[in-house]
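Remarks on the structure that follows.
The values are calculated or read from the model by the stated rules, or taken from the named source; none is laboratory data. Just so it is clear, the structure is predicted and the values come from calculations on it, not from any experiment. Heads up, the Cβs are rebuilt from the backbone with ideal geometry, glycines too, and the neighbour counts pull from every protein chain shown. The accessibility values were calculated without ligands, DNA or RNA, using every heavy atom of the protein model including side chains. Shrake-Rupley method; radii C 1.70, N 1.55, O 1.52, S 1.80 Å.
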Amino acid sequence: MTEKELAAELKGNFTKGFAGRYGKLIAENDLFGFALNLGLDRDPAVAFHASYALERAFFIAPEAFGRHIGHFVRNYLAIVNPSACRHYSKMMAWLLDRRRIELTDSQRQQVAEATFDRLIDPSVRPAVKVWSMEILDSLSAELPWVEEQLYDTICWLMRDDGPALRNRGAKICRRIRARRKTTRR
């Protein structure tokens, strides 16, 4: 299957089981590079469908995805489609939490900055903000400025946003307080 063929397939109707079927196709045929390219497609439907299927493929075959980490990081920094951003953020959070990604100092800084921008952007959807908090919490060990700003930012966001954000925000704030308490001893 070529990238054009995959794009044409992904442009079709979004039906039940779509992401699972295409995720399996991507994983089994090592089409990760094509899916990553299509995640930045100008057509919002293609970008969203490609990102959703990519997330499924990622969880089917995370080892195979490992060869595409550099491409993934570049996309994570460039992604603008709000629906696609959710899937990229979820994958980035998983990779960081499980220490399955090695970022250079420059990449780490860029990822933190892009993620903070998403976290404070009022137009960004709650799911992206929730994953952004997890990403930043994971980066805080290597970037002390992140933890300093993250706690206050989460507290500020929790005033107005919905229950998902408040729940995850409270959980991350507890983690930060526990780390601070341990550090002071």
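Yes/no per residue for (1) part of a helix (DSSP H, G or I); (2) at pLDDT 95 or above; (3) within 27 Å of THR104 (Cβ to Cβ):
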position: ALA127; (1), (2), (3): yes, no, no
position: GLU142; (1), (2), (3): no, no, yes
position: GLU148; (1), (2), (3): yes, no, yes
position: LEU157; (1), (2), (3): yes, no, no
position: ASP161; (1), (2), (3): no, no, no
position: ILE172; (1), (2), (3): yes, yes, yes
position: ALA178; (1), (2), (3): yes, no, no
position: THR182; (1), (2), (3): yes, no, no
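Answer yes or no: is there a residue in region 154-168 that is open to solvent by 90 Å² or more (accessible area, probe 1.4 Å), under 24 Å from HIS87 (Cβ atoms) and among the basic types (Lys, Arg). Spell out how you get there, then give the answer.
Let us first name the residues in region 154-168 that are open to solvent by 90 Å² or more (accessible area, probe 1.4 Å), namely 156, 159-160, 163, 166-167.
In the following step, the residues that additionally are under 24 Å from HIS87 (Cβ atoms) were identified as 163, 166-167.
Filter again for among the basic types (Lys, Arg), leaving 166.
Yes, region 154-168 has at least one match.
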Worksheet item: Between a first residue in region 135-159 that is under 16 Å from ARG177 (Cβ atoms) and a second residue that is aliphatic (A, V, I, L, M) and not in a helix (DSSP H, G or I), which pairs have beta carbons less than 9 Å apart while being 6 or more apart in sequence or on different chains?
Response: LEU136/LEU143; GLU147/ALA141
Practice prompt. Have a look at ASP137, ASP121 and point out the one that is within 30 Å of ILE60 (Cα to Cα), out of contact with any Phe, Trp or Tyr (no Cβ under 8 Å at 6 or more places or on another chain) and among the charged types (D, E, K, R).
Written response: ASP137
Worksheet entry | LEU119 being buried (at least 21 other Cβ atoms within 10 Å of the Cβ) and aliphatic (A, V, I, L, M) | yes
Worksheet, complete the sentence: By my count, helices (runs of 4 or more DSSP H) wholly in region 12-79 with at least 3 residues that are free of Cβ contacts under 8 Å to residues at least 12 places away in the same chain are none
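For every residue, the table says whether it meets (1) surrounded by fewer than 22 Cβ atoms within 10 Å (Cβ to Cβ); (2) within 18 Å of GLU134 (Cβ to Cβ); (3) of a type in the set (Phe, Trp, Tyr); (4) in contact with a Leu (Cβ under 9 Å, 6 or more places away or on another chain).
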{"position": "PRO62", "(1), (2), (3), (4)": "yes, yes, no, yes"}
{"position": "HIS68", "(1), (2), (3), (4)": "yes, no, no, yes"}
{"position": "HIS71", "(1), (2), (3), (4)": "yes, no, no, yes"}
{"position": "LEU95", "(1), (2), (3), (4)": "no, yes, no, no"}
Worksheet item: Looking at (1) modelled with pLDDT of 85 or more; (2) open to solvent by 40 Å² or more (accessible area, probe 1.4 Å), which is the only condition LYS11 fails?
Response: (1)
